[in-house]
Structure formats: structure tokens, C-alpha cells
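See below for the structure under consideration.
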2 protein chains.
Amino acid sequence: MQELRDRIAREGQNLGRGILKVDSFINHQVDPNLVLAVGRELAQRFAGRGVSKVLTAEISGIAPALTTALALNVPVLYARKTKPITMPENAYRASAPSHTKGHFVELMISPEFLQAHERVLIVDDFLASGQTISALALLVQQSGATLVGIGAVIEKTFEGGRASLLSQFNVPVESLVAVTDMSDGRIIFGD
Amino acid sequence: MQELRDRIAREGQNLGRGILKVDSFINHQVDPNLVLAVGRELAQRFAGRGVSKVLTAEISGIAPALTTALALNVPVLYARKTKPITMPENAYRASAPSHTKGHFVELMISPEFLQAHERVLIVDDFLASGQTISALALLVQQSGATLVGIGAVIEKTFEGGRASLLSQFNVPVESLVAVTDMSDGRIIFGD
């Protein structure tokens with residue numbers, strides 16, 4: 001997706017240790033028109049898969065998952081990392097390491113909103129090691145719903161998440177921009 | 001906003017102690033078409049105020065703030081509650097009690113994304129006691145930007161937040177649905 005790639009090239013910052021800062025348009029501050037285009041593109045990649053619900057993880061997955069859900073005309077569900085008092089005790093739970101916060105987080109969803117008949121598309125802002133997305137997919141498995149695809153806005157191919165997800169879950173994995181190398185302060189894009 | 005009011009009447013749950021559960025369409029699960037309509041309505045209420053940025057707090061403010069920003073064609077910024085490693089040390093900070101989590105949270109924004117020339121509209125899912133929104137407004141003040149309005153999707157008028165905000169900040173406060181009474185398990189709407 002050229003528009004996104006250009007934006008990363010212009011505003012993305014390589015903070016070292018594989019950390020790509022995109023706080024000016026994806027995380028923290030969000031460009032709503034860009035994220036609308038991102039959602040349309042992700043929706044198009046999974047058209048025909050019969051998606052009935054988009055699933056993401058709070059916090060930074062919410063914006064692209066919402067616009068994907070809008071384009072697919074289905075609800076979006078975001079897994080919580082802190083249990084709100086409105087969530088029942090029988091929540092589905094899975095844990096994942098937090099790349100940018102330095103500890104493990106637990107992802108929780110309420111069984112009310114993910115049922116066995118659903119066909120679920122997982123959307124997140126980054127596909128890096130794949131561990132957050134893997135935890136989301138485990139929540140889908142707990143619910144008995146069917147995972148039909150995984151979409152990410154930005155993939156860091158050098159972290160190996162795609163291979164890990166493909167080995168665990170037999171679904172298509174799509175990303176809109178691939179960053180293949182961040183060594184030596186660079187941001188190198190794939191095809 | 002009739003569509004929203006109808007949805008609350010149909011799916012909202014009064015959990016007691018003033019807690020209104022709207023997890024099936026606003027928090028946790030989000031109806032993207034409803035939240036798109038919410039954003040358009042909030043944008044219309046503040047048309048002509050010269051809004052250059054929408055500000056909200058993670059997590060559940062993100063969806064309505066994004067759609068409001070989309071309708072106003074401006075960026076949206078969400079204050080973080082946990083400092084990501086991508087955020088500089090000189091973040092603006094303000095604290096607010098968390099109604100649904102039972103402790104205080106700190107809201108943080110990066111000075112990079114809120115500058116003195118900005119005209120800021122605060123959008124959040126709920127206006128209850130007003131303390132989260134007040135903390136957001138304090139962040140705007142720290143930045144030197146101009147607060148031009150406060151918009152909430154659902155107002156719980158019996159918590160007094162509107163009066164508190166109006167006494168602190170001289171800006172219009174708008175909500176799309178007012179819930180005036182939640183005693184005895186009821187959900188009573190205002191005009």
C-alpha cells in the first residue's frame with residue numbers, strides 16, 4: 001500500500017532494537033483518512049472469506065480494526081488487557097508478551113461477544129513476532145469460532161511472526177507494508 | 001440521537017452503582033456504523049469551532065473520537081495510560097480516577113502532537129463525573145493549545161460532570177444521549 005509506505009518513509013522513526021515509531025499517524029496520533037484507507041484495503045484482501053466479526057487487541061489495534069469492520073459491515077471486538085467491571089468472570093483469556101511495554105499482558109474477551117458460529121478476521125497494527133496475534137487466535141479457538149484470516153497494517157518481516165502464525169493457524173496472513181530490515185538505523189521496505 | 005438512545009434502551013444494562021454496560025456496541029464490541037453516525041453527529045455539533053485536533057483517552061474513547069475526527073477531517077490523538085517506549089520523557093501528564101477499574105490512572109500525551117496553535121475538541125464515550133475529561137483538558141492547558149469544546153457519546157447527568165466541566169472550562173459541552181436516572185435498576189433518558 002503505497003500511501004502507507006510513503007508515510008512510514010516520511011514520518012516513521014527507527015528507535016533501535018526493532019522499534020518502529022509511527023506515533024504521528026498510527027499509534028498515539030491517528031490520521032483518520034489513512035486508517036480509513038487501511039481498513040478498506042484490509043477488507044478487500046479478505047473479501048469473500050465470510051467474515052462476521054473483526055477481532056483486535058486494545059489499544060493500537062482499535063483504529064485499523066474499526067475501519068476494517070466498517071468496510072466489511074460487521075462488528076469489531078477488542079480484547080481487553082485490564083478486566084473492566086462490566087466483564088463477566090468467565091472471560092476467555094490468553095497471554096502475550098508486550099513488545100513496547102516490557103512485560104506480559106493478558107488478553108480477555110467476553111464469551112457474550114464471540115460465539116461458535118462466528119467467522120473471525122484478526123486485525124492488528126503490527127505483525128512482528130506474532131505473539132499478540134497468536135494470543136488473539138487462541139481466544140478465537142477457546143470460543144469455538146472459526147478464524148478465517150489475519151491482517152496487519154505493518155509487518156516487520158525480520159521478527160518471523162508470519163512463519164510462526166502460518167505454522168500454528170491455517171489461514172491467510174496479509175500485511176499492507178512489509179519492513180524487512182531495521183538494522184543500522186534504516187527502515188527498508190520489502191516488495 | 002435517537003438511534004443511539006434506542007440501542008441503549010435495547011442493549012444497555014444497568015449493573016448498579018451507576019454503571020451502564022454498553023459493551024455490545026460501544027465498549028469491547030463496537031458497531032462501526034453506529035459509531036460512524038456518532039462521529040458525524042458530534043462533528044456537526046462542533047462545526048464552525050475551527051477544530052484542528054480531536055483528543056480522547058484510551059481505550060474506549062478511541063472509536064468515537066476517530067469517527068469524529070474523520071468527519072472533521074483532522075487528526076485524532078489519544079492520551080496513553082501506560083507510557084510506551086516510543087513516548088519521550090517530557091510527556092504532559094494528568095491523573096484521573098478510573099470509574100470502571102477502581103484506581104487512579106495517569107493520562108499522558110507527547111508534546112510532539114499537541115502544540116500551542118492547536119484548537120482541540122475533546123471526545124469521550126462517557127461524561128459521568130467529568131474527571132477523565134477534566135484531566136484531558138488539563139493536558140490541553142499544559143500544551144498551551146486552545147480547548148474549543150467537549151463532546152461525549154453518553155452523559156450520565158446524575159453524576160454532575162457537566163456542571164463540574166462548565167465551572168472549570170468555558171467551552172460548550174455536548175452529549176448525544178443523556179441518562180438521567182439509573183436508580184432501582186432503571187435506565188431513564190432525558191430530553
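Here are a few things to note about the model shown:
- Antiparallel beta bridges, as assigned by DSSP with both residues in the protein assembly as shown, represent about 40 percent of the total such bridges.
- Cβ-derived FRET efficiency at R0 25 Å, A:E112 paired with A:T146, nearest 0.05: 0.90
- Averaging the sequence gap over all C-alpha pairs within less than 8 Å and six or more residues apart, then dividing by the number of residues, gives chain A a relative contact order of 19 percent.
- Shape call, the range A:1-128: gyration tensor on alpha carbons, a/c limit 1.5: oblate
- Dipole magnitude of the range B:2-189 about its Cα centre (Cβ charges: Lys, Arg +1; Asp, Glu -1), debye to nearest 20: 140
- Counted charge near B:A79, where neighbours are those whose Cβ lies closer than 13 Å (Asp, Glu -1; Lys, Arg +1): +1
- Selected from A:V54, A:V140, A:V105 as most flexible by GNM, with chain A as the system and alpha-carbon contacts under 10 Å: A:V105
- Separation in nanometres of the label points that stand 7 Å from Cα toward Cβ, at B:R49 and A:N33: 2.2
- For the range A:7-21 versus the range B:75-153, the inter-centroid distance based on Cα atoms is 24 Å.
- Difference of contour (0.36 nm per residue) and Cα-Cα distance, A:L15 to A:S98: 28.2 nm
- As a size descriptor, the averaged projected area of the C-alpha convex hull of the range A:124-177 was calculated at 3.2 nm².
- For chain A, adding -39500 (n - 2.57) for each run of n ≥ 4 DSSP H residues and dividing by the number of residues yields -9000 deg cm²/dmol at 222 nm.
- Rg and Dmax of the protein assembly as shown, both derived from C-alpha coordinates alone, stand at 19.8, 63 Å.
- Shape of the range A:75-177, Cα gyration tensor, a/c cut at 1.5: oblate
Read the figures in this text as sums done on the coordinates, not as results from a lab. Just so it is clear, the structure is predicted and the values come from calculations on it, not from any experiment. With ideal geometry, Cβ positions are generated from the backbone for all residues, glycine too; neighbour counts draw on all protein chains shown.
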